[in-house]
Amino acid sequence: MFSLFHSHRSRSGGAGSSAEPPAENKKRPPVLWLGTNTCAGDSISFLNTLGPGFLDVVYDLVDLRYLHFVMTAEGDMATGILEKTLAERSGEYILIVEGNVPTRSNGLYCVIGTRSGKPYTALEAVRELGAAARHVMAVGTCAAFGGPYAARPNPSGGKAVQEVLDSRVINVPGCPAHPDWIAGTLAHLVWRGEPELDAYNRPIMFYGETIHNLCQRRHYFDSGIFASRPGEPWCMYKEGCKGPVTYADCPYRQWNGEHVNWPVKAGTPCIGCVNPDFPDGSTPFFEHLPDIHLPGVVVNANRVGAVAGVLTAMGIGGHLLANIITGRLPRTLQKGFSPAKPGVKILQKTPAHYLVKSLQKSLGKKK
Ligand code: SF4
Ligand code: F3S
């Protein structure tokens with residue numbers, strides 16, 4: 001009973017079938033995918049996974065039992081799948097939640113189905129199923145951090161999964177999350193356990209570097225050449241790009257099927273959709289923040305342009321300037337002269353050190 005995609009490479013059976021699962025289903029961990037307050041964008045993204053393909057995921061990797069967007073069962077028949085998995089496979093199944101969890105009015109703003117004819121709220125389901133899961137994944141920015149469904153004024157009291165659950169939650173944000181981020185994290189959980197996570201419980205393998213450091217237009221930023229409207233081929237920083245403060249691998253992973261495009265390449269700024277404060281913290285999307293926080297630095301975008309122009313004219317070069325602004329040069333200098341290699345002398349005060357310090361000071365580096 002129950003698996004949405006029954007036997008190994010066999011298309012027979014389906015939702016609501018009463019056949020017992022074949023032996024190989026028992027080796028694949030059950031997966032319960034709950035859609036709560038969501039636009040379903042992450043499910044659609046997941047259905048488009050190519051490496052591995054969706055059918056590889058559901059036939060070879062996991063035993064997908066519940067994903068209501070592709071199920072025919074409803075009411076008690078559907079929620080019965082959740083109850084049976086909870087009773088029989090406690091501690092084995094992976095719970096994936098897509099969407100945030102409304103808490104106002106005892107969670108009645110989001111009912112995922114019925115149980116004994118009564119509403120079964122997302123709040124109840126996430127708490128019950130999350131407490132007994134082997135792993136909990138919050139997929140998409142709404143599940144991970146609240147996201148658009150918790151944007152001001154947040155009438156339903158929507159919260160991130162982690163805020164309603166004591167268990168550890170692995171966050172895979174994105175609006176929507178990239179198919180590779182979802183399938184890759186799931187594969188890691190099944191085959192190798194929990195991946196290395198950052199401070200926001202995001203897998204470092206996907207969220208370990210800023211968009212800005214991976215961006216194909218970075219050389220324009222370094223040279224102080226900025227687009228004045230979306231669609232232009234230069235750096236989108238002054239058009240509101242949140243790439244410098246956004247950690248994700250979009251520039252080289254890319255989107256649209258066979259990894260063909262991503263926002264900046266399509267001529268629009270990154271709006272920081274994976275960030276914990278998205279969307280409220282990213283708006284207005286197409287205006288740069290007056291004092292955007294670059295890693296280790298607070299800098300005004302107009303001053304970036306002005307100072308870049310002066311320094312370029314002086315022949316110092318934009319690349320050096322951007323490295324100074326972002327703190328990359330001092331870090332590189334420090335790293336380069338770290339005591340990793342025995343016998344290497346640590347140089348703290350080079351002429352470059354003094355140049356870096358004085359330029360950072362003039363640009364307003366944080367104390
Ligand atoms: Fe790319 Fe945006 Fe950084 Fe410019 S500010 S280099 S467009 S990530
Ligand atoms: Fe989102 Fe920015 Fe990537 S808007 S999709 S994190 S480029």
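The values are calculated or read from the model by the stated rules, or taken from the named source; none is laboratory data. On a predicted model such as this, the values are computed, not experimentally measured, just so you know. Note that each Cβ is placed from the backbone with ideal geometry, even for glycine, and that neighbours are counted across all protein chains shown.
Points to keep in mind about this one:
- Segment 128-146: number of residues that are over 22 Å from the mean Cα position of the chain (by Cα) and surrounded by fewer than 21 Cβ atoms within 10 Å (Cβ to Cβ): 3
- Selected residue (criterion: farthest from Glu258 (Cα to Cα)) from residues of segment 43-84 that are part of a loop (DSSP other than H, G, I, E, B) and of a type outside the set (A, V, I, L, M): Glu74
- Those residues of segment 268-280 which are buried (at least 16 other Cβ atoms within 10 Å of the Cβ) and more than 9 Å from ligand 2 (Cβ to nearest atom), in sequence order: Pro276, Pro279
- Helices (runs of 4 or more DSSP H) completely within segment 165-252 that count 2 or more residues being within 30 Å of Lys27 (Cβ to Cβ): 179-192, 204-207
- Index of the failed condition, Glu196 passing every other in (1) more than 13 Å from ligand 2 (Cβ to nearest atom); (2) of a type in the set (Asp, Glu); (3) touching a residue at least 24 places away in the same chain (Cβ under 8 Å): (3)
- Verdict on Arg115 being crowded, with 17+ Cβ neighbours inside 10 Å, over 30 Å from Thr283 (Cα atoms) and free of Cβ contacts under 8 Å to residues at least 40 places away in the same chain: yes
- Test: residue in segment 219-228 that is within 9 Å of ligand 2 (Cβ to nearest atom) and modelled with pLDDT of 95 or more: no
- Selected residue (criterion: nearest to Tyr149 (Cα to Cα)) from residues of segment 228-258 that are without any contact (Cβ under 8 Å) to a residue 40 or more places away in the chain and surrounded by 15 or more Cβ atoms within 10 Å (Cβ to Cβ): Thr246
- Test set (1) out of contact with any strand residue (DSSP E or B) (no Cβ under 6 Å at 6 or more places or on another chain); (2) over 21 Å from Glu128 (Cα atoms); (3) modelled with pLDDT of 90 or more - Ala19 fails condition number: (3)
- The set of residues from segment 205-249 being more than 10 Å from ligand 1 (Cβ to nearest atom) and charged (D, E, K, R) comprises Glu209, Arg229, Glu232, Asp249.
- Matching residues, segment 255-292, being under 17 Å from the mean Cα position of the chain (by Cα), away from ligand 1 (no atom under 16 Å from the Cβ) and at pLDDT 90 or above: Pro276, Asp277, Pro279, Asp280, Gly281
- Contact map, segment 265-283: first residue within 10 Å of Ile211 (Cβ to Cβ), second residue within 12 Å of ligand 2 (Cβ to nearest atom) and among the acidic types (Asp, Glu), Cβ cut-off under 9 Å, separation 6 or more or different chains; the map is empty.
- When residues of segment 147-183 are limited to those that are within 16 Å of ligand 2 (Cβ to nearest atom) and at positive phi, the one surrounded by the most Cβ atoms within 10 Å (Cβ to Cβ): Gly147
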